[in-house]
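Chemist: Please find one structure pasted underneath; my questions will follow.
Derivation of every value follows stated rules applied to the coordinates shown; laboratory data play no part. Small disclaimer: the values here were computed from a predicted structure and weren't measured. Cβ placement follows ideal geometry from the backbone for every residue including glycine, while neighbour counts extend to all protein chains displayed.
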Amino acid sequence: MTAKLKIYNTLTRQKENFEPINPPHVGLYVCGPTVYSDVHLGNVRSFLSFDIVYRYLSFLGYKVRYVRNITDVGHLVDDADSGEDKIAKKARLEQLEPMEVVQKYTNGFHDVMRLFNILPPSIEPTATAHIIEQIEMVKKILDKGFAYESDGSVYFDVRKFNESHPYGKLSGRNIDDLMANTRSLDGQDHKRDPLDFAIWKRAESSHIMRWPSPWGEGFPGWHLECSAMSTKYLGAEFDIHGGGMDLKFPHHDCEIAQNIGATGKSGPRIWMHGNMLTVNGRKMAKSEGNGFTPEELISGNHKLLEQGYSPMTVRFFMLQCHYASTLDFSNEALRAAEKGYKRLMDAIDGLEGLEPSGKSDFDLAALQAACAEAMNDDFNTPILISVLFEAAKIARQIQSGDRSCSEEDLTGLRSLFDDYAFTVLGFRKLEESKGKEEELTPGLMDLILKLRHSAKLSKDYATADRIRNALQEMGITVKDTPQGSEYKID
């Protein structure tokens, strides 16, 4: 824990020396999924980025409390004050109870995380299990004068807050600019100002998910849950809060305002944001037709993919790019990652069973220092991977007899790969990967069948048939039954 770790803080817009509030303990909060749809690849990259943060801080010896929430109330995530809860809408369309939808997609989320070897958090709280805490936070914000009640809803008073604290500091926006760009939204008649946002919303008669409160039956605002749960488990001040770059505004700016409004403290000291995915230079989006799901990427069943790629190849590909940089998907880049990953794993695997061959003619300490230096520089995984390739080159030369290596350095080289390739970067060893592939086959098949089911619900029968035919070519027969789809490996 003596490492000079520097982390880029989105709030201050500079790299800062990492000094935990209460060493050796570290509080890490990451915005989790809203569980009303299948996981998309952008989710995978975001959670992978913070998996690396969790892994490296733990590797350094910190006792990390990693909190990643589950949003099981599908709030109006465009920050409008009217419309249908997204989980309730999904429940209506699929003729399920809302919590059946929640459980279904939470299970799917966990399957995908396991598939990519993303570690589970220390605590995974849900919004519906913390309604009391959210109501109490609303009360505190009201008591401090930063919110007001209107017709059963409670709104955060942005202008009142801005008189004493800069609203929009994280995203770099000010309220005058925000006001100029505010569009008219239905359901804003009860607000004093278009900039105000709901921290508790009165439930209309058709709203399924609702709870009693001092202001009537309703549900919490989208931004409120993260403030309530991060405060409960990590305190009014904690070390790191992470999420996608798209959450900076309004979600994270609103979190800061709520935290200050309720506790007088802004919450996390360091804000970290992962960047977006693009495909062949264009933003990845369902509307663009270039949004891959993990199942499509692994199976290759997408019009833009020339083949499927293993989960560890995808993990390797993503970690070749710094978490704060845009990552561009292309078939060429994925194929290169596949070859690179195999080359690295083959070199590591070749070290097993080797015997020492004399005095070493390479500097192991320099390699170890370069690995640490890369990760201490804002979790720079691309640089770390380049160092590991340098070490892999030496490993191949030892295997071929072109380099000599002492017993001590041979042990040290194996430890370097164990530490940085497997513990920190989370790659799987070859024999472990084979075992995991067998173990995860049922989960992966469930995800693929869910994808086919979604296509059928959307009346996209061409895609549903392509999935069935592709599975048939791999020796897997899909049978549709009244209870759902079943599969059999021929």
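Chemist: What lysines could a cross-link reach from K86, if we take a straight Cα to Cα line under 24 Å and drop same-chain neighbours fewer than 8 places away?
Modeler: Once the sequence-local lysines are set aside, what remains near K86 is K104, K191, K201, K248, K283, K286, K450, K456, K459.
Chemist: Once the dipole of the chain is set up with Lys and Arg at +1 and Asp and Glu at -1 on Cβ about the Cα centre, which of G242, A369, I256 lies farthest towards its positive end?
Modeler: Checked the options; the winner is I256.
Chemist: Sorted by average packing, counted as other Cβ atoms within 10 angstrom per residue and highest first, what order do 61-70, 305-314 take?
Modeler: 61-70, 305-314
Chemist: Something else now. Taking the Cα atoms only, what angle lies between the long axis of helix 430-457 and the longest principal axis of the chain, rounded to 10 degrees?
Modeler: 40 degrees
Chemist: Shifting gears a bit: Scan (1) 138; (2) 154; (3) 192 for the value of volume of the Cα convex hull per residue in Å³ calculated from this model and give just the label.
Modeler: (2)
Chemist: Let me ask something else. Just for segment 6-274, what percent of DSSP beta bridges are antiparallel, to the closest 5?
Modeler: 45 percent
Chemist: Here's a follow-up. Residue by residue through segment 255-264, which ³J(HN,Hα) values in whole Hz follow from phi under the Karplus form 6.51 cos²θ - 1.76 cosθ + 1.60 (θ = phi - 60°), with glycine and proline marked x?
Modeler: 4, 4, 4, 5, 4, 5, x, 8, 10, x
Chemist: Mind checking the dipole of the chain: about its Cα centre, +1 per Lys or Arg Cβ, -1 per Asp or Glu Cβ, Debye to the nearest 20?
Modeler: So the dipole magnitude of the chain works out to roughly 420 debye.
Chemist: For the Cα atoms of the chain, what angle does the longest principal axis make with the long axis of helix 98-115, in degrees from 0 to 90, nearest 10?
Modeler: 20 degrees
Chemist: While we're on this one: What distance in nm separates the two pseudo spin-label positions at M179 and S205, each 7 Å out from Cα along the beta-carbon direction?
Modeler: The modelled label-to-label distance comes out at 3.8 nm.
Chemist: Another question, if that's okay. Report the antiparallel proportion of the DSSP beta bridges in the chain as a percent, rounded to a multiple of 5.
Modeler: Of those bridges, close to 50 percent are antiparallel.
Chemist: How large is the helix-only mean residue ellipticity at 222 nm for the chain, computed as the sum of -39500 (n - 2.57) over DSSP H runs with n ≥ 4, divided by its residue count, in deg cm²/dmol to the nearest 500?
Modeler: Rounded to the nearest 500, the figure is -14000 deg cm²/dmol.
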